[in-house]
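Asks: For reference, the structure I am asking about is given below.
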Ligand code: BV8
């Protein structure tokens, strides 16, 4: 940890790969989520308009999996929480919609793509919480409208949450660490460029080189539960 204290402001971006060893499917690996579903059918606003029941089913299945006994935060989530506890300025932004960072002890987690355990409404600004399945029969707790409750999740074609704030953090950081993401999805895949332009040191921690690997100054490839604790405690 000590060596990371030479950095004033650290931004950490995580993707599905950090939750893989906790048992949560990634998107683009072997038997990933996009193997059994076309993202156009379950992860766009058009899909929700066209077949809300199918979209609810896709997220209900993932919510039930997330809430099952077997799913727990892993050593990589814990190592990040420990760094946040010991370093004054770490901004954790995740593309993931699971709550494993919070369950590992991270108090500030920015979910740029939303959260599986939250709901939003297509008819009003209400954001709710849910641990149960959603359906087209739900009524919005705030406006009372029916069939307007949706997962509070950013779908393809929708604007990720608080992009201004994220870009501000990237422009002012001196260390950017990307963990467990394939670099396929924008704008997250472009964060390393923003950080580099700000003069930050950039590090990729991933199972294998991502699409954006060449943009990083430093790489460590391996399983997140190995390389993340090692890197954050600076044994790497
Ligand atoms: C936007 C929530 C603009 C849903 C997600 C053409 C048409 C339309 C849009 C576009 C287009 N071209 C580009 C776009 C933009 C689009 C995009 O990037 N599309 C891609 C597919 C080309 N992006 C958007 O639409 C974004 N919005 O651009 O808005 C805008 C402007 C104005 C006004 C309005 C809008 C919104 C994107 C957000 C979509 N929602 N998630 C859900 O979760 O169901 S994205 C989804 O994929 C995930 O959330 C995740 O964030 C994202 C990326 O996946 P990864 O996390 O990287 O996971 P992946 O499986 O890909 O990789 C896992 C990695 O982990 C691998 O590298 C693997 O090696 C590694 N790994 C595996 N195991 C381990 C490991 N590493 C370490 N240890 C291990 N054990």
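The values are calculated or read from the model by the stated rules, or taken from the named source; none is laboratory data. None of the values given here were measured: they were computed from a predicted structure. Using ideal geometry, Cβ is built from the backbone for each residue, glycine included, and neighbour counts are taken over all protein chains shown.
Asks: Please go through the range 125-156 and give me each residue that is out of contact with any helix residue (DSSP H, G or I) (no Cβ under 9 Å at 6 or more places or on another chain) and on the phi > 0 side of the Ramachandran plot, ordered by number.
Replies: 144
Asks: Could you please find all residues in the range 171-215 being under 21 Å from residue 6 (Cβ atoms) and either under 16 Å from the mean Cα position of the chain (by Cα) or not assigned by TED's automatic domain parsing to the domain that holds residue 228 (or both)?
Replies: The answer is 176, 177, 178, 179, 192, 204, 205.
Asks: Follow-up question, since we're still on this one. Here is a list: 39, 33, 100, 4. Which entry is within 28 Å of residue 194 (Cα to Cα), under 17 Å from the mean Cα position of the chain (by Cα) and at pLDDT below 95?
Replies: Only one candidate qualifies: 39.
Asks: Restricting to helices (runs of 4 or more DSSP H) lying wholly in the range 15-109: which have 3 or more residues that are farther than 27 Å from residue 222 by Cβ and within 12 Å of the ligand (Cβ to nearest atom)?
Replies: Answer list for the range 15-109: 39-42, 45-50, 52-66.
Asks: Go through the range 116-134 and give me each residue that's touching a residue at least 40 places away in the same chain (Cβ under 8 Å) and part of a strand (DSSP E or B).
Replies: Listed by number, the residues that qualify are 116, 117.
Asks: Oh, and also: Among the residues of the range 164-190, count how many are surrounded by fewer than 18 Cβ atoms within 10 Å (Cβ to Cβ) and over 24 Å from residue 87 (Cβ atoms).
Replies: As a first pass, look at the range 164-190 and keep what is surrounded by fewer than 18 Cβ atoms within 10 Å (Cβ to Cβ): 164-165, 167-168, 171-172, 174, 184, 186-187, 190.
Subsequent filtering for residues that are over 24 Å from residue 87 (Cβ atoms) retains 184, 186-187, 190.
Number satisfying all stated conditions: 4.
Asks: Within the range 84-112, how many residues are crowded, with 16+ Cβ neighbours inside 10 Å and in contact (Cβ under 8 Å) with a residue 60 or more places away in the chain?
Replies: Final tally of qualifying residues: 12.
Asks: If I ask for residues that are surrounded by 15 or more Cβ atoms within 10 Å (Cβ to Cβ) and assigned to a strand (DSSP E or B), which ones from the range 135-152 would you list?
Replies: If the condition is that a residue be surrounded by 15 or more Cβ atoms within 10 Å (Cβ to Cβ) and assigned to a strand (DSSP E or B), then 149, 150, 151, 152 are the ones that fit.
Asks: Report yes if some residue within the range 191-201 is buried (at least 19 other Cβ atoms within 10 Å of the Cβ) and within 22 Å of residue 101 (Cα to Cα); otherwise report no.
Replies: Scanning the range 191-201, I find at least one residue that is buried (at least 19 other Cβ atoms within 10 Å of the Cβ) and within 22 Å of residue 101 (Cα to Cα), so the answer is yes.
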